Amino acid sequence: MAVDFAGTYLLLVLLSSLLVNFVLSIYGIFFKPHFTKKVIALTILSDTLNTFAIYIGYRRWLEGVNPRPPVLTTTPTWESITEFSRRAVDPLPQALVLTAVVIGLAVTLFLVFLGYILYMHYGTLDMREIRRLKG
Amino acid sequence: MELAMQMLGLLTPVLIIHAFVIPILKLLKSTRLPGVIALMGSGFAVVATSIIFYGVQEGGPMVYTYGGWPPHFGIVYEVDYYNALLGFLTAWIMLVIVIYSMWYEHHIDDPSWYYVLLIGLETGILGCLYTGDAFNLFVMLEVLSITAYGLVAYHRDRAEAVEAAAKYALIGAVATSLYFTAVVLLYAGYGSVNMAVLSIYSRTYVAKVSAAFKYLSLLSVALALWVFTYKSALVPNHFWLPDAHPEAPTPVSAALSGLVVNVGVYATARFLYTIFGPDSTIASYREVVLLVVFILGAISGIIGALMMMAQRDIKRLLAYSTVCHIGIAYMGISAGFIIGNEEAIRLAVMGGIVHIVAHGIAKALLFMSSGVLIDAAGSRDLDEMKGIGRYHPLTSISMILGFFSLAGLIPFIGFYSKLLIALGYINSGFILGAVLIIVISALSIPGYLKAISAVVFSTGGEPRQRLEKTWIEPILFAMALSLLVLGVLFQYLWPVYDEASKALVTVDGVNEYISRAWNLIPVELKLFMGVTP
């Protein structure tokens, strides 16, 4: 019963909160006028998408088969590999997310510095007032 | 062959090492050294891509496995005729841009960081073109994007440049995050991020396809396509380009307009022909997607051509011309919506590829030659540049040749690209496609004539300053001549483009791409993958 609760109900909550976060962050990026708020919405968006990637690689605790880390500790035999593929968590999405997180950090830092220079030029970060270009 | 394979593996690591060595050598306090290192890097890229191109010509598609891990288990770089040709083009244009940057150095306060970003941009473009792994494409797209944002904002004392970079970077970061989601969705569905393996799965899963599978593939293709069209500024994602390209330093404008936009076109074609081909999971929807891309390309061409006439700033005019020509390239590449006439698709896609080449050379040339004239006039405004071209005849001639090629005059290469796209659509019986190409060409001519007449044929302007360094002018002239030579020799050179189109469109070409990667996977590992193509 407890396992079912964690396995289905909480995952449902996670998925719906991912969806809500996604919509909110897209709204924040496109409709909030302030540059800093846009950057914050962008980090929420990338975190949402990273969590989604982790969710893809997640393995539920089903019928007493508990998931385990994807590490082979013994010399692999046919049986151990079959058991491994039945129980191990998929490591690839985690590796992808690790890369994406590092890249996201760099992009966010760049945007923050860009915001600083924007502020020095315009004296404001309100994107409605920063429109010297025609677009 | 062996050498070409080694070069494929070496190319991006060696280039990025060149980029990162520059700030270390800053300690030597030499003003020339950064440019020399950048020249070495881009020179190496030219040698490597030429050898790779030759290798592909001799022995067909090549796969380099990083760390010796076979495809699907590790990152691979896979080159077929299509991306070998584009990589070759990129490296040569980038070499000219680096040489031009050495001329342009007097506008740049700290050249070493500029060259780091420029060589980083080249690494990103070549990585995007050569990679055979959808996730590595994401990483390389980010390398390309972040260097491009940095370069657009390089004149950070200009408020407009920072503003353009902020707008470009903010939406660009959203775009690359969504591409990441597209890759994760592909992985969730197919269990692989390798392009060749994805291509196998998308074909063999057809038998047991369920609706959910189809919609997942469609969703991921939709997300990926939005990103690619954003990167290549197809309408309605073109809003950033007319701001960002003119505000960047001139050599960077040339690199962005001539090379970076090609990456989007390349990746779109790779997704819709190689990974999801005509007999794949999304078979009937794929044609609809391609038709939409065709329509957007046509709208993009018309909007770009019309907006070009209204511009007074020469760099903005050239930026809108990029929107127009990327539209035409997309119109050629998206010919796959014609069902059952492979000959016609091949012709039109070949036209699209020739157009990428023609536009890349011509647009880089035009930005660089306009940079020389802007320096002489001290302004980017066409009214203030009146007659400046008369003081720099060599640059003016190369500029006029570049405009002629873009407008599609015989015997420039720009004529043959439009001709091939139009021929492809006429061959398939879709006359409207050919008519649209002619209409867009006609609409774009007033914009070009406006620029030529203002800069070269008007009188009255006086140069603000005499240029001291004019050694760049012969190089620009040589680049302009290359447009003419490529056009005149087109009847001998067309098999090159035809092979590229064949690698993309025909079943044989795609099978060759798949089998080269598939054959590298050991038999024992294939047991775990569940398919036999």
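No value in this document is a laboratory result; all are computed from the given coordinates. From a predicted model like this one, the values you see are computed outputs, not experimental measurements. Cβ coordinates were reconstructed from backbone atoms using ideal geometry, including for glycine residues, and neighbour counts include every protein chain displayed.
Here are a few things to note about the model shown:
- Shown here: region B:492-533, whose C-alpha atoms stretch 46, 15, 8 Å along the first, second and third principal axes, sorted largest to smallest.
- Amide H partners (placed H, <5 Å) of residue B:193, local residues excluded: none
- Distant-in-sequence amide contacts of residue B:132, defined by a placed amide H-H separation under 5 Å and a gap of 5 or more residues or a different chain, comprise B:76, B:77, B:78.
- Extension reserve of the residue A:10-residue A:32 stretch, reckoned as 0.36 nm per residue once the Cα distance is removed: 4.8 nm
- Intensity falloff of region A:2-122 expressed as log10 I(q)/I(0), Debye formula with alpha-carbon point scatterers, at q = 0.10, 0.17, 0.23 Å⁻¹: -0.48, -0.95, -1.27
- For region B:22-96, the list of trypsin sites (Lys or Arg not before Pro) that fall in a loop by DSSP and count at most 11 other C-beta atoms within 10 angstrom reads B:29, B:32.
- Shielding by partners, peptide B:161-168 (average Cβ within 10 angstrom, other chains): 6
- Principal-axis tilt of helix B:195-204 within chain B, Cα atoms, nearest 10 degrees: 40 degrees
- Charge context of residue B:265, other residues only, Cβ under 15 angstrom, K/R +1, D/E -1: +3
- Listed by Cβ neighbour count within 10 Å, with the fewest neighbours leading, B:502, A:32 appear as A:32, B:502.
- With kT/(6 pi eta Rh) evaluated at 10 °C and eta = 1.306 mPa s, and Rh the Kirkwood radius from Cα pairs, region B:222-336 diffuses with a coefficient of 111 µm²/s according to Stokes-Einstein.
- Cα coordinate range in region A:15-68, projected on the principal axes (Å, largest first): 51, 17, 10
- For residue B:458, the amide hydrogen comes within under 5 Å of the amide hydrogens of B:387, counting only partners 5 or more places away or on other chains and with H modelled in the peptide plane.
- Entries of B:231/B:315; B:214/B:418; B:167/B:315; B:214/B:502; B:386/B:418; B:418/B:502 with Cα pairs more than 23 Å apart: B:214/B:418; B:214/B:502; B:386/B:418
- Considering only A:9, A:56, A:100, the residue lying farthest towards the positive end of the dipole of region A:2-122 is A:100, judged by Cα position with unit charges set on Cβ.
- Whole-Hz couplings from phi, Karplus 6.51/-1.76/1.60, listed for region B:343-357; x for Gly and Pro: 4, 5, 4, 4, 4, 5, 5, 4, x, x, 5, 4, 5, 4, 4
- Loop-resident sites, region B:350-446, for trypsin sites (Lys or Arg not before Pro), counting at most 11 other Cβ within 10 Å (DSSP): none
- Along each principal axis, Cα extent of the protein assembly as shown, largest first, Å: 87, 58, 49
- Within region B:138-236, trypsin sites (Lys or Arg not before Pro) in DSSP loop having at most 10 other beta-carbon neighbours inside 10 Å: B:208
- With Cα atoms, 0 to 90° folded angle of helix A:10-31 axis to chain A main axis: 20 degrees
- Of B:470, B:201, B:172, farthest towards positive along the dipole that unit charges on Lys, Arg, Asp, Glu beta carbons give region B:2-516: B:172
- Scalar couplings 3J(HN,Hα) for region B:110-125, obtained by applying the Karplus form with A = 6.51, B = -1.76, C = 1.60 to θ = phi - 60°, are 10, x, 5, 5, 4, 6, 4, 5, 5, 5, x, 4, 5, 4, x, 5 Hz; x denotes Gly and Pro.
- What the Cα atoms of region B:393-527 give is an Rg and a Dmax of 22.0, 77 Å.
- Folded to 0 to 90 degrees: helix B:2-24 orientation relative to chain B principal axis, Cα: 50 degrees
- Residue exposure proxy: B:110, B:381, B:313, ordered by other Cβ atoms within 10 angstrom of their Cβ from fewest to most, comes out as B:110, B:381, B:313.
- Computed per residue of chain B from DSSP H runs no shorter than four, each worth -39500 (n - 2.57), the mean residue ellipticity at 222 nm is -24500 deg cm²/dmol.
- The 3J(HN,Hα) values that the Karplus relation (6.51, -1.76, 1.60; θ = phi - 60°) gives for region B:132-145 are, in residue order, x, 9, 5, 6, 5, 4, 4, 4, 5, 4, 6, 4, 4, 5 Hz. Gly and Pro appear as x.
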